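Just below is one structure, and these are the notes that go with it.
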Amino acid sequence: MEVVVSHTPEETARRAATAVLAGLPSGTGRQPVLGLATGSSPLGLYQELGRAVASGRADFSAAHGVALDEYVGLPPGHPEGYRQVLLRDVCGLLGLAAERLAVPDGSGRDLPALTAAARAFEERVTALGGVDVQVLGIGANGHLGFNEPGSALTSRTRVKRLSERTRRDNARFFARPEDVPTHCLTQGLGTILEARRLVLVATGDTKSDAVAAALEGPLTASVPASVLQWHPDTVVCLDEAAAAGLRNRQYYDEAASGLTG
Ligand code: F6R
């Protein structure tokens, strides 16, 4: 696991964009598959990727995007549905066509329909050859995707109940707190672990406890993001505030300075 701590959120976004671009296949003839988190954390990273496209350093026109999760029960086209969010905030920036974006379908009205949608999503990801780089944020309660504390470490894409903490944290995107859906479809922790590279972005002091528990605590379902420790190619990009609870900080800085450091 590589932990990169930057002084500002902007520098964090730049480092994360570099880690994403380095993890995508190039010159192999394979179409890149980029896993996309929503929320505030990766917005700067997406802006950086957009700048790389604009300056010709990156090209996502042949890439596929794969969402990390989707709310259940929002009306089709709701602006806070993650398909809409990704189309609005990411696909335009990257030049990624809408038909190349795979999002779990949260419109099913009962568990069998949603379970079938989860399976169809997993099959689509498999047909694409898996995710090359999965972008991730972390919840203040340690969730990864919407795998809330207690999620099985081997879980697959499925329906999950959102915790009240998560609903409160996401209420800023909705007119009223009660409008935040109670359920979602989320890639499971086992699904996320199959991506070839994971890039997690966290900024701000509200994330410092979760970051410290995930990176330096035990591997446990109580802190779903602790599965990052199990993955052979994880890059964690933090600002100073999010890194404040890390005990091994000096080592991370030394390691990030490279072979000559
Ligand atoms: C988003 C997602 C969540 C968020 C997390 C952090 O698709 O799955 O895990 O990454 O809730 O959200 P922000 O970045 O808004 O603090």
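Values in this text are rule-based calculations from the coordinates and carry no lab data. Given the structure is predicted, the values throughout are model-derived calculations rather than measurements. Neighbour counts are summed over all protein chains in view; Cβ atoms, including those assigned to glycine, are modelled from backbone coordinates with ideal geometry.
Roughly what % of DSSP beta bridges within the chain run antiparallel, to the nearest 5? The partial results should precede the final answer.
Details: 9 of 31 bridges.
The antiparallel fraction comes to roughly 30 percent.
Per residue Cα convex hull volume for the stretch 177-251, in cubic angstrom?
On the way: hull volume 8.9 nm³, N = 75.
Roughly 119 Å³ of hull volume per residue.
Just want the ordering: 53, 4, 72, from fewest to most Cβ atoms lying within 10 Å of their own Cβ.
Values: 53 17, 4 20, 72 23.
Ordered by Cβ neighbours within 10 Å, fewest first: 53, 4, 72.
To check my understanding: the extent here is largest minus smallest coordinate of the Cα atoms along each principal axis. What are those three numbers for the stretch 9-57, in Å, largest first?
The Cα atoms of the stretch 9-57 stretch 33, 22, 16 Å along their principal axes.
What distance in nm lies between label points placed 7 Å from Cα along the C-beta direction at residue 109 and residue 87?
In this crude label model, residue 109 to residue 87 measures out at 2.3 nm.
Rounded to the nearest 5, what is the percent of antiparallel bridges among the DSSP beta bridges in the stretch 23-175? Display every interim value, and only then the final one.
Values: 1 of 9 bridges.
Close to 10 percent.
Fewest first, what order do 133, 20 take by the number of other Cβ atoms within 10 Å?
Values: 133 24, 20 28.
Listed from fewest to most nearby Cβ atoms, that is 133, 20.
Where is the GNM fluctuation largest for the chain (alpha-carbon springs, 10 angstrom cutoff): 176, 14, 119?
176
With charges only on Cβ, +1 for K and R and -1 for D and E, what is the dipole size of the stretch 151-238 about its Cα centre, in debye, rounded to 20? If you can, show how the numbers build up before the last one.
Details: 12 positive and 9 negative charges, 66 e Å.
I would put it at about 320 debye.
Starting from the Cα gyration tensor of the stretch 1-94, multiply each eigenvalue by 5, take the square root, and state the resulting semi-axes largest first in whole Å.
Working: eigenvalues 107, 63, 31 Å².
Calculated on Cα positions only, the semi-axes equal 23, 18, 13 Å.
Where the eigenvalues come from the Cα gyration tensor of the chain, what are the semi-axes √(5λ) of the equivalent ellipsoid, largest first, in whole Å?
On the way: eigenvalues 140, 100, 60 Å².
After diagonalising the Cα gyration tensor, the semi-axes are 26, 22, 17 Å.
Express in % the proportion of alpha carbon pairs of the stretch 115-261 at distances exceeding 25 Å.
32
Report the charge-dipole magnitude of the chain in Debye, nearest 20, computed about the Cα centre from +1 at each Lys and Arg Cβ and -1 at each Asp and Glu Cβ. Don't jump to the answer; show the numbers that get you there.
Numbers: 25 positive and 29 negative charges, 86 e Å.
That gives the chain a dipole magnitude of about 420 debye.
Take residue 116 and residue 257, extend 7 Å from each Cα along the Cα→Cβ direction, and tell me the distance between the two endpoints in nm.
It is 5.9 nm.
Tell me the mean residue ellipticity at 222 nm calculated for the chain from its helices only (DSSP H runs of n ≥ 4, each -39500 (n - 2.57), averaged over every residue, nearest 500). Present the calculation step by step, with values, prior to reporting the outcome.
Working: 8 runs with 78 residues, N = 261.
Calculated at 222 nm, the ellipticity per residue is -8500 deg cm²/dmol.
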